[in-house]
Amino acid sequence: MNSRQKDIVETKLDHKSWIKGKELANALGVTTRTIRSDIEKINSLFPKMIDSSTREGYQLNKTIYDKKYTVEERIPQTPKERLVYIIKSLLLKNKRLKLMDLEDELGMSTVF
């Protein structure tokens, strides 16, 4: 999964109920078509992880998520993986990035 697709999954975790594609697109700064494509890709990698309804929107299937999308896939484990993740986050994310948020995301801390 690319970083935007991971953002979709992580954003979905914050919502216990259905979320409309337009709301998700606005939250991530992309089009609804991009959301549909990303959800198709996520579900091709992890079948039925995100349920969809034309009326309700999208909802994370927590059972599938817990079984398929493990902690190791969410958080880089080795120093090299973390370095690549940090560089990608700095270069590719469309939102402002705070060092403290990145530290929390990776479960690490820096000493100044």
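A short reminder: the numbers here are calculations on the coordinates, not readings from a lab. As the structure is a computational prediction, the values presented were derived from the model and not from experiment. In this analysis, Cβ positions are derived from the backbone assuming ideal geometry, glycine residues included, and neighbour counts consider all displayed protein chains.
A few comments on the model shown:
- Thr54-Glu10 pseudo-label distance in nm [points 7 Å out on the Cα-to-Cβ vector]: 3.3 nm
- Value in Å of the Kirkwood radius, where segment 1-64 supplies the Cα pairs that are averaged: 11.4 Å
- Positive-end residue of Ile35, Thr54, Leu24, charge dipole of segment 1-68 with Cβ unit charges: Thr54
- Calculated FRET efficiency, Thr34 to Tyr65, Cβ-Cβ distance, R0 = 25 Å: about 0.75 to the nearest 0.05.
- Amide H to amide H, with H built 1.01 Å from N, Asn61 comes under 5 Å of Ile50, Asp51, counting only residues 5 or more places away or on other chains.
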